[in-house]
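Every number in this text was worked out from the coordinates using simple rules, so none of it is lab data. Predicted, not measured: the structure shown is a model, and the values here were computed from it. Cβ placement follows ideal geometry from the backbone for every residue including glycine, while neighbour counts extend to all protein chains displayed.
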Amino acid sequence: MTRVLLADDQALIRAGFRVLIDSASDLEVVGEAGTGRQAVDLARSTRADVVVMDIRMPDLDGLEATRLICADDDLAGVKVLVVTTFEIDEYVLAALRAGASGFVGKGVEAEELLAAIRTVATGDALLSPRATRGLITEFLAQPSSVNPPTPEQFSALTEREREVATLVALGLSNDEIAERLFVSPLTAKTHVNRAMTKVGARDRAQLVVAAYQSGLVSPAPDLNR
């Protein structure tokens, strides 16, 4: 059972999300927060697996709440899924830098939101396919407080791990990577996990950014294969 914490300043939105999430047999809402400060406190007390985080909240906004959660070693297993009105904006860029594992738009379909929560919970978080190219391009164009990976980190990858990291950066899922490389999904996931560990990426979203920052992959007209 995946434990979910809802963080949104609008009670009506939280109520709708709760009904949807609790309707899934493998998901359960373990808490609701109306402010960023409450989100951080509840992340610690409920030990949620995934925090569905709004950005604009009183007291402490979702960006700072995400940063505090992701920087807390005691909450290393907690993933943050940012929900935003716009799929490409400066808030999403900041959320990614703060350690968010992924994001979805508030206009997402019900099943897509559930799938996103499950994806983030398993550590397979990735940027929205529709926003990947624009987000990465904007991300790389802006100054970042996050140190890019060193050449030594990427040189430590095996040839297959570099190949897999490249495919991850292009937006492919584990199943798609497995199909492309003629290996099993489990083998693909193992290569992805090893690549993340070697470059110090918390999850797939950070591996994507690291791949672009290192020059392993360059922005192209179309990142969707």
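Treating cross-link reach as a plain straight distance, find the lysines whose alpha-carbon is under 27 Å from the alpha-carbon of K189, omitting any fewer than eight places away in the same chain.
Once the sequence-local lysines are set aside, what remains near K189 is K79, K198.
Sum up the charges of everything whose Cβ sits under 12 Å from the Cβ of G36, counting Lys and Arg as +1 and Asp and Glu as -1, but leave G36 out.
Local net charge: -4.
I'd like to compare 175-183, 62-70: which one has the highest average count of other Cβ atoms within 10 Å, and what's the full order after that?
Peptide ranking by packing, descending: 62-70, 175-183.
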